[in-house]
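Remarks on the structure that follows.
The values are calculated or read from the model by the stated rules, or taken from the named source; none is laboratory data. In this text, all values refer to a predicted model and were calculated from it rather than measured experimentally. All Cβ positions, even for glycine, are placed from backbone atoms using ideal geometry, and neighbour counts span all protein chains on display.
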Amino acid sequence: MPKDDDLRIGVFICDCGTNIAGSVDTDALIEEAKKQENVVFATKNTYMCSEPGQQEIKKAIDEHKLSRVIVAACSPRMHEPTFRACVKEVGLNPYLVDMANIREQCSWVHMEDRTAATEKAKDIMNAYIGRARYLQPQDETRIPVAQSALVIGGGVAGMQSALDLADAGYKVTLVEKAPSLGGLMAQLAKTYPTMDCAI
């Protein structure tokens, strides 16, 4: 982990149009972020995920020599790949960016109480700022994957899965503990509604 004096955290707050700014005082979040240890830069943008928003992040990384980036915005599920790609373009390891979800977890659930929404957003953002101190650069490894599958259970579902995988071009190994295939279906004489033989 870098020494405290090497940690330079930038905090980027997204208004998300009015999705966040309609419920949360994002200017108050900027002031709160600036009070936190190791935070050397804090700003906001109407849409941080937009091209101008990403350019602002890149510029700040270069100008302020940021070693960690926190984006207080929407769900990481939606835009974490966007921001990881953004910081990677200027030479920062993509795993040194983190997203504090202040939209789904805060503004959307506290739309009628701006004060409470803002205080909760501060807490969420500060937790991620604290967490940023422990982020470590990561390297992605590509591992070749064998085009084969193991299906456990030779019942109806297992046999159908094995057939579908084989049709998709995979080598399939089907394992069944009983002496014959069919599972529970093999114990039935007839099946509803056709009353056909079960086997």
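Restricting 114, 133 to those that are surrounded by fewer than 19 Cβ atoms within 10 Å (Cβ to Cβ) and touching a Pro at 6+ places or on another chain (Cβ under 9 Å) reduces the list to 133. Among the residues making up the range 1-53, those that are assigned to a helix (DSSP H, G or I), touching a strand residue (DSSP E or B) at 6+ places or on another chain (Cβ under 6 Å) and farther than 16 Å from residue 101 by Cα are 34, 53. It is to be established whether one or more residues within the range 95-110 are exposed (fewer than 12 other Cβ atoms within 10 Å of the Cβ) and modelled with pLDDT under 95. No.
For the range 137-187, the tally of residues that are surrounded by 10 or more Cβ atoms within 10 Å (Cβ to Cβ) and under 30 Å from residue 93 (Cα atoms) stands at 2. Considering only residues in the range 21-61 that are in contact with a Cys (Cβ under 6 Å, 6 or more places away or on another chain) and of a type in the set (A, V, I, L, M), the one that is farthest from residue 130 (Cα to Cα) turns out to be 48. Being assigned by TED's automatic domain parsing to the domain that holds residue 115, under 18 Å from residue 121 (Cα atoms) and not hydroxyl-bearing (Ser, Thr, Tyr) holds for only one residue in 85, 42, and it is 42. Determine whether the range 130-144 contains at least one residue that is modelled with pLDDT of 95 or more and within 16 Å of residue 14 (Cβ to Cβ). No, the range 130-144 contains no residue that is modelled with pLDDT of 95 or more and within 16 Å of residue 14 (Cβ to Cβ).
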